[in-house]
Amino acid sequence: MSHQLATLLDEQRRFPPSPEFAAQANAQAGLYDEANRDRLAFWADQARALEWIEPWRTVLDWQPPHARWFDGGKLNVSANCLDRHLRGPRRNKAAIIWEGEPGDRRVLTYWDLAREVNRAANALKALGIKKGDRVAIYLPMIPEAAVAMLACARIGAIHSVVFGGFSSESLRDRINDAAAVAVITADGGYRRGQIVPLKRFADQAVAGCPTIKHVLVVQRLMGTASSEAGATMTPGRDYWWHDLVRAADAKCAPEPMEAEDLLFILYTSGTTGKPKGIVHSTGGYLTQVTATTRWVFDLKEEDVFWCTADIGWVTGHSYVVYGPLANGATVVMYEGAPDWPARDRMWEIIARYGVTVFYTAPTAIRAFMKWGTEHPAAHDLGTLRLLGSVGEPINPEAWIWYQQHIGGGRCPIVDTWWQTETGAIMITPLPGVTTTKPGSATVPIPGISAKLLDAQGHVLEKGGGFLALTEPWPSMLRTIYGDDARYHETYWSRFPGRYFAGDGAKLDEDGYWWVLGRVDDVLNVAGHRIGTMEVESALVDHPLVAEAAVVGKAHELKGQALAAFVILKEGNRATAQLRDDLKDHVARKIGAIAKPDDIFFVADVPKTRSGKIMRRLLKDIAEGRALGDTTTLADPNVVAKLKDQYESEEG
Ligand code: WT7
């Protein structure tokens, strides 16, 4: 057991909610009883908080593993996020407070946002994009990202947001898998003072995408940067966003959507080389993201909510856009890096806008810790009243640091466990109800059932095992786009009838969950999900590489970092230059987030007799255990020599 894990499981500290917070909290303990009494009636109550065009006939139709929630009901997500707030005092409330990395700022009120979304929706329609069409969105963190998503939702087009840090090849594969008809991108974005030339990447992608008819380009770059970034426009295919949107009518009637119509596809890494298109639907998704935003982040009319996730991840979908806007909240959006131009950028933003609820990832918190307390201490963080964590297990040291140095000792922390597939938060404290333990996501939210299973699928009351979800939930994925067989196989075959999340976990004597991390070949690098096979495919795509095996190794800041074991094709020499080339190659194929930290050139990748890569041995080597000192790998045969000893253990 790693040192970090040991500290996690020894954690004894308890933090009950303060009486003041508890008294004003949106979510009270009675919610658990309500949900336990009648789960479906409970979720139906939550769905009634939305505005429906037509009521549903059945709350749940469950034909495992396919769920239909609120079947027969009709609604429109953008109308729920916008139109209903325009009728009252929220009309001129800030919906999005945005700050660009270079320091430019914009505020969009609900009315501004609605106008932009209506216009964009009409612009999409004018291009012939209609209900059911797939639209790829490849944008930096700018308000137009939210506008584009909501515009798709308004006309019933299905969006597929691709993180702006992904490469053109990743974008191409995702566009082709979904057969998208259009891409919405920008001339570029700003990141750590550099320009990310998104349009150039989009052009490279679209060259290999036969289904793409149109490319819409938001002008984000300032001054001469746009032409410098090489954003060239292909006549008849490409349009400037501002030309089309400005000319479009500011009223577009929201398309009445079936509750089970698709809202979006979001690709995530799995255990094969090919990312999975996770499919989310309309009514159930919006019901659960809206309810969890209200309960978990305790949003009130005057709150300013900042979820730091990029729109390219599910956290950005559910808790930057849909959940907060459905609740009529004010969100902060920031384009760039947390340490640009200085290491206090986040705290400066919190102080500038009076952020009250802040939601970020443990990997960021560990970086903040390392940078030093003087940065938060230099700003007034007194408006904060609640803190959140997501993406990976939070180590107790980081939890306590967050509570002390960001929360000033007064803010409850909600450690939220969920996944791209779950769509919304599943396991978390309710901030006014649950006593927290640093490092534990605590208990499932009302209306959600999780069970700890052993390898045979028996339910365990406590101890270690596999985390499974035993009842369907409103915001669950509906399938994998275009591959329902893979949906069955990936999530429902390990423990038939139950959803296997891919995570190992521990349940303590109080029934609290301690999620320990993935037990499959999926890694979590700085809160980003990366499939080992994807990186292996990228490596063997290099002309000099014969074979590759990738494992995660513990990393102080990122949680996990990638280590790659590479066998070169005969006659090639392992050089430092080649090592750098391979790293760049992976960045080009997938994106910079998938760049291995270490590359070891070896003569052999150890495999079991059945041909499975012995990842545990490789991990031990990468973390310096098996050999004591990984530099001895300079002798490429050394891995082969270790193999026998491990083979007997691994079977
Ligand atoms: C995986 C899902 C949910 C949005 C961000 C990631 C890990 C997520 C926690 C947490 C321990 C966590 C799990 C999960 N994870 N949140 N609070 N504690 N682990 O979404 O990319 O779909 O990754 O992230 O391993 O399976 P994702």
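Figure the gain on full extension for residue 369 and residue 87 (residue separation times 0.36 nm, minus the Cα-Cα span) and round it to one decimal in nm.
On the way: separation 282, 0.36 × 282 = 101.52 nm, distance 4.42 nm.
Going from the current span to full extension adds 97.1 nm.
Let me cross-check residue 555: its accessible surface, 1.4 Å probe, with only protein heavy atoms counted, in Å² to the nearest 10?
Around 50 Å² of this residue is reachable by solvent.
Any idea how far the Cα center of region 480-534 sits from the one of region 541-620, in Å?
23 Å
For residue 219, what is the net charge nearby, where nearby means another residue's Cβ is under 11 Å from its Cβ and Lys, Arg count +1, Asp, Glu -1? It would help to have the intermediate numbers written out before the result.
Details: positive: 199, 220; negative: 144, 187, 243.
Residues near residue 219 contribute -1 overall.
Would you check the accessible area of residue 607, probe 1.4 Å, heavy atoms only, in square angstrom rounded to 10?
60 Å²
Just from its helices, what would the mean residue ellipticity at 222 nm be for the chain, if runs of 4 or more DSSP H residues each count -39500 (n - 2.57) and the sum is divided by every residue, rounded to the nearest 500 deg cm²/dmol?
Details: 22 runs with 192 residues, N = 651.
Estimated from H runs of four or more residues: -8000 deg cm²/dmol.
Relative contact order (percent) for region 402-459, with alpha-carbon contacts under 8 angstrom and 6 or more residues of separation? Write down the numbers at each step before the final one.
Numbers: 63 pairs, mean separation 13.8, N = 58.
Worked out over region 402-459, it gives 24 percent.
Per q in 0.18, 0.23, 0.24 Å⁻¹, report the Debye log10 I(q)/I(0) for region 547-612, using one uniform scatterer on each alpha carbon and no solvent.
-0.73, -1.06, -1.11
How far is the Cα center of region 425-464 from the Cα center of region 40-54, in Å?
What the calculation gives is 25 Å, centre to centre.
If you count the DSSP beta bridges with both ends in region 243-361, what percent of them are antiparallel, to the nearest 5? Each step should come with its number before you reach the end.
Values: 6 of 11 bridges.
Roughly 55 percent of the beta bridges in region 243-361 run antiparallel, per DSSP.
Sort the following peptides by mean Cβ neighbour count (other Cβ atoms within 10 Å, averaged over residues), highest first: 589-598, 26-35.
Numbers: 589-598: 20.5, 26-35: 16.6.
Per-residue mean Cβ counts within 10 Å order the peptides as 589-598, 26-35.
Measure off 7 Å from each Cα along the Cα-to-Cβ vector at residue 22 and residue 38, then give the distance between these two points in nanometres to one decimal.
2.9 nm
Run the reach check for residue 506 against lysines, Cα to Cα strictly under 24 Å, same-chain hits fewer than 8 apart removed. What comes back?
By straight Cα distance, residue 506 reaches 437, 451, 462, 553, 558, 619.
Can you tell me the length gained on complete extension of the stretch residue 459 to residue 541, counting 0.36 nm per residue apart and subtracting the Cα distance? Spell out each step's value before the answer.
Values: separation 82, 0.36 × 82 = 29.52 nm, distance 4.29 nm.
Full extension from residue 459 to residue 541 adds 25.2 nm.
Counting only DSSP beta bridges with both residues in the chain, tell me the antiparallel percent, nearest 5. Mind showing how you got there, number by number?
Numbers: 61 of 100 bridges.
Antiparallel: roughly 60 percent of the beta bridges in the chain.
Which whole-number percent gives the relative contact order of region 456-583, counting Cα pairs below 8 Å spaced six or more residues apart? List each step's numbers first, then the result.
On the way: 167 pairs, mean separation 21.1, N = 128.
So the answer I get is 16 percent.
Give the peptides 445-452, 558-565 in descending order of average Cβ contacts within 10 Å, highest first.
On the way: 445-452: 21.6, 558-565: 24.1.
For the peptides 445-452, 558-565, the packing ranking is 558-565, 445-452.
Please work out whether the chain counts as rounded, prolate or oblate from its C-alpha gyration tensor, where a ≥ b ≥ c are the square roots of the eigenvalues and a/c under 1.5 means rounded, while otherwise a/b larger than b/c means prolate and anything else oblate?
On the way: a/c = 1.44, a/b = 1.17, b/c = 1.23.
Cα axes put the chain in the rounded bin.
How many percent of the accessible area of the chain is carbon or sulfur, using a 1.4 Å probe?
Working: 12220 of 24020 Å².
Carbon-and-sulfur percentage of accessible area, whole number: 51.
Which length gain, in nm to one decimal place, applies between residue 251 and residue 224 when the Cα-Cα distance is subtracted from 0.36 nm times their residue separation?
6.4 nm
Could you tell me the distance between the Cα centroids of region 336-410 and region 140-188, to the nearest Å?
So the two Cα centres are separated by 29 Å.
Just order 346-359, 173-186 by mean Cβ neighbour count inside 10 Å, highest at the front, would you?
Numbers: 346-359: 20.7, 173-186: 23.9.
Answer by packing, highest mean first, reads 173-186, 346-359.
Once label points are set 7 Å from the Cα along Cα→Cβ at both residue 12 and residue 352, what is their separation, rounded to one decimal in nm?
Inter-label distance under the simple model: 4.5 nm.
Once both labels are modelled 7 Å past Cα along the beta-carbon direction, what's the residue 379-residue 300 spacing in nm?
Rounded to a tenth, the inter-label distance reads 2.3 nm.
Pairs of alpha-carbon atoms within less than 8 angstrom and 6+ residues apart define the contacts here; what relative contact order does the chain have, in percent? If you can, show how the numbers build up before the last one.
Details: 1419 pairs, mean separation 87.6, N = 651.
With pairs under 8 Å counted, the relative contact order is 13 percent.
The values are calculated or read from the model by the stated rules, or taken from the named source; none is laboratory data. Just so it is clear, the model here is predicted, and its values are computed rather than measured. Note that each Cβ is placed from the backbone with ideal geometry, even for glycine, and that neighbours are counted across all protein chains shown. We work out accessible area using only protein heavy atoms, side chains counted, and drop any ligands, DNA or RNA first. Shrake-Rupley method; radii C 1.70, N 1.55, O 1.52, S 1.80 Å.
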